Amino acid sequence: MSELTPILSRPRLTAAQLGEIHAAFATRENVADELIRTLTLLDPPHVCRPLGLLRMIAKDRGLSPEHIAKILRHTDAFSEHWLSRLLACQLLAITGCPRENEDDTAPFLADCFRDRRVIVRAWALTVLSRFTGPHHRKTIAALFAAARKDPAKSMQARLRQLNAASKNPARQTHE
């Protein structure tokens, strides 16, 4: 068992405490591997914790495609809690989904797009919009068409952001 597992298993863990854990552990060698191992050890509501830390690490210094592939092997663990789905999508928006993992990840992201929370749908669409496989185009186009009909202002804002990024790839943000 990892040193992080009991810390991340606490009944209550605030965002500030998660930030402190990040500050204490993020520069350790193999911390990403350690966090990935915890994904299968934690209860579903707590899986968002290592995902949040992995997202922070990805934003600070990046994660290798190998780490992303390992994380994507655990999408079943993310499916049970909306915050885990959100953080997984945000993580993939930062890192991108390795091309070789697109086919296996597409069903998870399509499921995220069906979430009742607009924020999860918007982040799933962000990740899917970057898929490069030609066989994904039809599905992605259908999701964009559905998103255009979504009355939520946050979804419409995300669509404008994605449209602007597609017109100017240098402007793509990972927010």
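Averaged over residues, the count of other Cβ atoms within 10 Å places the peptides 7-17, 118-128 in the sequence 118-128, 7-17, highest first. The largest accessible area among Arg73, Arg85, Arg130 belongs to the first residue in Arg73, Arg130, Arg85, and the rest follow in falling order (1.4 Å probe, all chains). Evaluated at 10 °C with a viscosity of 1.306 mPa s, what Stokes-Einstein diffusion coefficient in µm²/s does segment 28-74 have when Rh comes from the Kirkwood expression over alpha-carbon pairs? Estimated diffusion coefficient is 149 µm²/s. Segment 91-151 and segment 1-76 have Cα centres separated by 23 Å. Would you mind checking the tilt of helix 137-149 against the longest principal axis of the Cα atoms of the chain, expressed as 0 to 90 degrees and rounded to 10? Computed tilt is about 80 degrees. To the nearest 10 degrees, how steep is helix 153-167 against the longest Cα principal axis of the chain, on a 0 to 90 scale? Once rounded, the angle reads 80 degrees.
Taking the C-alpha atoms only, the angle from helix 48-61 to the longest principal axis of the chain is near 80 degrees. Of the solvent-accessible surface of the chain, computed with a 1.4 Å probe and all protein chains present, 53% belongs to carbon and sulfur. For segment 106-116, 3J(HN,Hα) computed residue by residue from phi via the Karplus equation (6.51, -1.76, 1.60; θ = phi - 60°) reads 4, x, 4, 5, 5, 5, 4, 5, 8, 4, 6 Hz, glycine and proline entered as x.
Name the lysines eligible as straight-distance cross-link partners of Lys70: C-alpha to C-alpha under 23 Å, and not fewer than 8 places from it in the same chain. By straight Cα distance, Lys70 reaches Lys59.
Helix-only arithmetic for the chain: the sum of -39500 (n - 2.57) across DSSP H runs with n ≥ 4, divided by the residue total, places the mean residue ellipticity at 222 nm at -19500 deg cm²/dmol. Of the listed residues Glu29, Glu66, the order by accessible area with a 1.4 Å probe, largest first, is Glu29, Glu66.
The values are calculated or read from the model by the stated rules, or taken from the named source; none is laboratory data. Just so it is clear, the model here is predicted, and its values are computed rather than measured. Every residue, glycine as well, gets a Cβ built from its backbone with ideal geometry; the counts of neighbours run over all protein chains shown. Please note that ligands, DNA and RNA were not included when accessible areas were found on the heavy atoms of the full protein model with its side chains. Shrake-Rupley method; radii C 1.70, N 1.55, O 1.52, S 1.80 Å.
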